[in-house]
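Q: Mind looking over this structure? Questions follow.
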Amino acid sequence: MTLSRLASLLVAAAYLVAAFVLRGSIPQVLLACVVVVVLALACIWFPDALGSYTGPPEIGSIQRTTPGMMIAMAGWVMLAIVPGIILVMTG
């Protein structure tokens, strides 16, 4: 396990514990945090696989791959900011 994966797992666990402790009585908040954390972890853990997806050409989607580093950075930004915003805004 790489350092990035371990660090992201620790941050994700901290957010989920905080969501449970602070907003455990509101299941929608917990669900929103879980969805964001899972999506962010997927971007951090599997950036090359997610970056290689280009979409179907019939609908005019992007036809070039995205560098894995950009996907991982987007995952870190998402993991660092969005769960905190959810917890603050629902308080």
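Q: Return the residues of segment 39-65 that are part of a helix (DSSP H, G or I) and of a type in the set (A, V, I, L, M, F, W, C); say none if nothing qualifies.
A: Listed by number, the residues that qualify are LEU39, ALA40, LEU41, ALA42, CYS43, ILE44, TRP45, ALA49, LEU50, ILE59.
Q: One residue is enough: does segment 13-27 have a residue meeting the conditions among the aromatic types (Phe, Trp, Tyr), surrounded by 15 or more Cβ atoms within 10 Å (Cβ to Cβ) and more than 22 Å from MET70 (Cα to Cα)?
A: Of segment 13-27, the ones among the aromatic types (Phe, Trp, Tyr) are 15, 20.
Imposing the further condition that a residue be surrounded by 15 or more Cβ atoms within 10 Å (Cβ to Cβ) reduces the set to 15.
With more than 22 Å from MET70 (Cα to Cα) added as a condition, the list becomes 15.
Yes.
Q: Take the residues of segment 51-87 that are over 30 Å from LEU22 (Cα atoms), in contact with a helix residue (DSSP H, G or I) (Cβ under 9 Å, 6 or more places away or on another chain) and surrounded by fewer than 17 Cβ atoms within 10 Å (Cβ to Cβ): which is modelled with the lowest pLDDT?
A: Selected residue: GLN63.
The values are calculated or read from the model by the stated rules, or taken from the named source; none is laboratory data. In this text the structure is predicted, and so the values were computed from the model without any measurement. Glycine gets a Cβ as well: all are built from the backbone with ideal geometry, and neighbour counts include every protein chain shown.
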